[in-house]
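None of the figures in this text is laboratory data; all of them are computed from the coordinates on show. Keep in mind that this is a model prediction, so the values were computed, not measured. Don't worry about glycine lacking a Cβ; one is built from the backbone with ideal geometry, like all the others, and counts go over all protein chains shown.
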Amino acid sequence: MKHNHLFLIVTVLLSLGILSAEAKPKEKRHVVRIETNMGKIRVALSDDTPLHSKNFLKLARQGFYDGTLFHRCIKDFMIQGGDPDSRGAEPGKLLGEGDIGYTIPAEICLPYWYHWRGALAAAREPDDVNPEMRSSGCQFYIVYGKKQAPADIRKVRPILEERGVELTPYMVDDYVMRGGTPHLDGTYTVFGEVIEGMKVVKKIQEVETDKNDRPLSDVVIIRMVVEQ
């Protein structure tokens, strides 16, 4: 009788997902705090993109990003930073070409990591000079794409299919409910996500910019701190 009760309890727990024969410990992701003059953003890095994640951690620990700018901000799209030439740059100077002397092989992990709102991704040179889609060794962006209407999804599907990218139902729901930039999927490496501070990202992507999308008032990355 006791064995029957035990069997019943285990069966119920399994049905609720509390126990599982294939249960795995939660992924222990590295977290980096990006402190800006407009607030703090915390990002978690993916273990699925080890080359990008390790590189970002290395640069953050070295203080590489300290004093640089979010030099390109486009409303309802994204904010971009990591250009070493942006540190102390004169107002109005065209930025975005600075680099660290190396690139990183693409680590595109669809359908697990895509361009939802809050995604952290690596910038790169365009296809005509970079057909392998290698990432910049230092420049990155954070997505703040608008919520996608069904018409937006229908429009982007054929473009993605030409790249061999299929939008899963889960991805579509995420883009519609949360927002993002699906047209970038399959072409840039997403290597993390914002876990705190999307209100700060929202404020930054709304700032007034010049014709080159550089904020008229500098958005400074004061420092990056590796929390774990």
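Can you give the angle from 0 to 90° between the axis of helix 50-62 and the longest principal axis of the chain, with both taken from C-alpha atoms, to the nearest 10?
The angle comes out near 50 degrees.
What order, most packed first, do the peptides 197-206, 87-96, 65-74 have when packing is the mean number of other Cβ atoms within 10 Å of each residue?
Values: 197-206: 18.0, 87-96: 12.9, 65-74: 21.8.
Result, highest mean first: 65-74, 197-206, 87-96.
What is the dipole size for the chain, taken about its Cα centre, with +1 at each Lys and Arg Cβ and -1 at each Asp and Glu Cβ, in debye to the nearest 20?
Numbers: 31 positive and 32 negative charges, 185 e Å.
Here the chain has a charge dipole of around 900 debye.
What distance in nm lies between label points placed 7 Å from Cα along the C-beta direction at residue 48 and residue 170?
Here the modelled spin labels are 0.8 nm apart.
Restricting attention to the alpha-carbon atoms of the stretch 42-167, what are Rg (one decimal) and Dmax (integer), both in Å?
Here Rg and the maximum Cα pair distance are 15.6, 45 Å.
Given a Förster radius of 45 Å and the C-beta distance between residue 62 and residue 161 as r, what FRET efficiency does 1/(1 + (r/R0)^6) yield to the nearest 0.05?
Values: r = 41 Å, r/R0 = 0.91.
After rounding to 0.05, the efficiency reads 0.65.
What three numbers, in Å, describe the spread of the alpha carbons of the chain along their principal axes, ordered from the longest?
80, 41, 32
Could you work out how much longer the chain between residue 125 and residue 151 gets when fully extended? Use 0.36 nm per residue separation minus the Cα distance between them, nm to one decimal.
Details: separation 26, 0.36 × 26 = 9.36 nm, distance 2.93 nm.
6.4 nm is the gain from fully extending residue 125 to residue 151.
Using R₀ = 25 Å, calculate the FRET efficiency as 1/(1 + (r/R₀)^6) where r is the Cβ-Cβ separation of residue 29 and residue 199; round to 0.05. Intermediate results must be reported in sequence, preceding the final value.
On the way: r = 21 Å, r/R0 = 0.86.
With a Förster radius of 25 Å, E is 0.70.
Using r as the Cβ-Cβ distance of residue 75 and residue 177, and R0 as 30 Å, what FRET efficiency do you calculate, to the nearest 0.05? Could you put the intermediate results ahead of the total?
Numbers: r = 20 Å, r/R0 = 0.67.
Computed FRET efficiency for residue 75 and residue 177: 0.90.
For the stretch 171-212 and the stretch 27-83, what is the centre-to-centre distance using only Cα atoms, to the nearest Å?
Answer, in whole Å: 13.
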